[in-house]
1. Here are the criteria: (1) in contact with a Gly (Cβ under 8 Å, 6 or more places away or on another chain); (2) closer than 16 Å to residue 23 by Cβ; (3) modelled with pLDDT under 90. Tell me which single one residue 109 does not satisfy.
2. Among the residues of region 44-67, are any under 14 Å from the mean Cα position of the chain (by Cα), among the polar types (S, T, N, Q) and either farther than 18 Å from residue 148 by Cβ or at pLDDT below 90 (or both)?
3. Would you check if residue 93 is touching a residue at least 60 places away in the same chain (Cβ under 8 Å) and more than 12 Å from residue 24 (Cα to Cα)?
4. Please determine, by comparing only the residues of region 80-93 that are part of a strand (DSSP E or B) and not polar (S, T, N, Q), which one is modelled with the lowest pLDDT.
5. Which residues, taken from region 94-108, are assigned to a strand (DSSP E or B) and crowded, with 20+ Cβ neighbours inside 10 Å?
6. So, residue 143, is that one in a strand (DSSP E or B) and more than 17 Å from the chain's Cα centre (by Cα) or not?
7. Given the options 132, 137, name the one that is over 24 Å from residue 41 (Cβ atoms), under 15 Å from the mean Cα position of the chain (by Cα), modelled with pLDDT under 95 and assigned to a strand (DSSP E or B).
8. Any residue in region 16-23 that is of a type in the set (D, E, K, R) and closer than 28 Å to residue 112 by Cβ?
Amino acid sequence: MTALSLIEHHAVEAASPREVLTCRLGTEEYGLDILAVQEIRRYEAPTRIANAAIHMLGVMNLRGVIVPILDLRYLLGVPAEVSTNTVTIVVNVAGRTVGLVVDAVSDVLALTPKQVKPRPALGRQTQADFIVGLAHVSHGDVHRLLLLMDLPTLLQDL
């Protein structure tokens with residue numbers, strides 16, 4: 001292992017969450033740091049805001065707090081369709097409360113450092129800085145690849 005890859009590996013290990021909430025966007029599975037998750041709610045149509053970006057679905061009143069609702073599927077370029085599994089994950093990131101609409105949530109996984117790998121170099125044209133790593137999870141014959149998200153990076157410009 002080269003010095004650079006060793007440094008990258010330690011950086012990913014430090015930045016990657018130890019426990020993640022897994023969610024599905026289209027056909028891909030993502031992992032969100034469980035410590036950022038406040039709650040998971042059944043999807044309810046939010047109050048629209050005129051001239052908002054397509055990924056900004058609107059706002060909702062969550063026990064007296066006005067929470068912006070973002071469609072993570074639109075934000076990441078995944079076709080979005082509301083189904084019975086569609087949920088809103090309410091997260092607290094950098095002192096902000098935001099609702100993220102996803103296709104479904106699966107489970108909470110505890111990841112070992114061995115399972116987490118750095119994301120590959122994707123080139124300058126790909127804007128995937130919010131992906132901090134990849135986790136390979138196996139349960140018997142079932143193998144899953146999770147894309148681990150860094151929510152502060154993803155939501156910093158929104």
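The values are calculated or read from the model by the stated rules, or taken from the named source; none is laboratory data. Please read all numbers here as calculations on a predicted model, not as lab measurements. Don't worry about glycine lacking a Cβ; one is built from the backbone with ideal geometry, like all the others, and counts go over all protein chains shown.
1. Here residue 109 clears every test but (3).
2. Our first condition is that a residue be under 14 Å from the mean Cα position of the chain (by Cα); within region 44-67, this holds for none.
Checked region 44-67: no residue is under 14 Å from the mean Cα position of the chain (by Cα), among the polar types (S, T, N, Q) and either farther than 18 Å from residue 148 by Cβ or at pLDDT below 90 (or both).
3. Details: touching a residue at least 60 places away in the same chain (Cβ under 8 Å): yes; more than 12 Å from residue 24 (Cα to Cα): yes.
The answer is yes for residue 93.
4. Applying the first criterion (part of a strand (DSSP E or B)) to region 80-93 yields 87-93.
Going one step further and asking which of them are not polar (S, T, N, Q), we end up with 87, 89-91, 93.
Details: 87: 96, 89: 97, 90: 97, 91: 97, 93: 92.
So, considering only residues that are part of a strand (DSSP E or B) and not polar (S, T, N, Q), the one modelled with the lowest pLDDT is 93.
5. Going through region 94-108, the residues assigned to a strand (DSSP E or B) turn out to be 96-102, 104-108.
Passing the criteria: 98, 99, 100, 101, 102.
6. Numbers: in a strand (DSSP E or B): yes; more than 17 Å from the chain's Cα centre (by Cα): yes.
Spelling it out, residue 143 is indeed in a strand (DSSP E or B) and more than 17 Å from the chain's Cα centre (by Cα).
7. Numbers: 137 fails: under 15 Å from the mean Cα position of the chain (by Cα).
Matching residue, one of 132, 137: 132.
8. Step one: filter region 16-23 for residues of a type in the set (D, E, K, R), giving 18-19.
In the following step, the residues that additionally are closer than 28 Å to residue 112 by Cβ were identified as 18-19.
Checked against the condition, which is being of a type in the set (D, E, K, R) and closer than 28 Å to residue 112 by Cβ, region 16-23 yields at least one hit.
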